[in-house]
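Q: First, the structure itself, so that you have it in front of you.
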Amino acid sequence: MAAIVWLVAGLLLAAAEMLTGDFTLLMLGGAALLTAGVAGVAGTSILIDAIVFGVTAIGLLFLVRPMLLRRFAVPPPTPTNVHALPGKTAKVLETVDGDRGQVKIGGEVWSARPLDPSEVYPAGETVYVMKIDGAHAVVWKGP
């Protein structure tokens, strides 16, 4: 009977891994499946089952999981091009108002407009790039 419980637990943990993707539940599911095998073949007591599960789970979590993460984990994408500009500072070259303006972002000159159309930023001010909208940098002075 204990083998069936371990088997069901292992299958549920392995299935739940699809929701997380960090290989932790998969390792625990593998440990539970191995414990189900041992309990089914040897007919061990619950104490022995718990020890087998604990040792196997620790081994899988600390030995196998890091290898799987190195092989299959996808690092977060690094923003490039215009996706890397929001959050950067820019120097106002030509007064930025609701109609026109220019800023310099990291050595490049961009057409700009304010985040709040009622604001005006004179030349020489430092502003923050909030987003890129087409060929315009949407900027904000900040609080």
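The values are calculated or read from the model by the stated rules, or taken from the named source; none is laboratory data. None of the values given here were measured: they were computed from a predicted structure. Cβ coordinates were reconstructed from backbone atoms using ideal geometry, including for glycine residues, and neighbour counts include every protein chain displayed. With ligands, DNA and RNA removed, areas are computed over all heavy atoms of the protein, side chains included. Shrake-Rupley method; radii C 1.70, N 1.55, O 1.52, S 1.80 Å.
Q: If you roll a 1.4 angstrom probe over the protein chains with everything in place, what fraction of the accessible area of the range 81-140 belongs to carbon and sulfur, to the nearest %?
A: Carbon with sulfur: 49 percent of the solvent-accessible area.
Q: Using the heavy atoms of the protein chains and a 1.4 angstrom probe, tell me the accessible area per residue for the chain in square angstrom.
A: 63
Q: So how far apart, in nm, are the two label points at L115 and T95 if each is 7 Å from Cα heading toward Cβ?
A: So the two model labels end up 2.3 nm from each other.
Q: Against the longest alpha carbon principal axis of the chain, how many degrees, from 0 to 90 and to the nearest 10, is the axis of helix 24-42 turned?
A: 0
Q: Enter the per residue convex hull volume of the range 1-73, computed from alpha-carbon coordinates, in Å³ rounded to the nearest integer.
A: Here the figure is 68 Å³ per residue.
Q: Under 16 Å Cα-Cα from K141, which aspartates and glutamates qualify once same-chain neighbours fewer than 8 residues away are excluded?
A: K141 reaches E94, D97, D116, E119, E125.
Q: What is the pair-distance distribution P(r) of the chain, computed from all Cα-Cα distances in 10 Å bins starting at 0, with each bin given as a whole percent?
A: With 10 Å bins starting at 0, P(r) equals 12, 26, 12, 8, 12, 14, 11, 5, 0.
Q: Now a separate question. When 1/r is averaged over all different Cα pairs and the result inverted, which Kirkwood radius in Å belongs to the range 81-140?
A: 10.7
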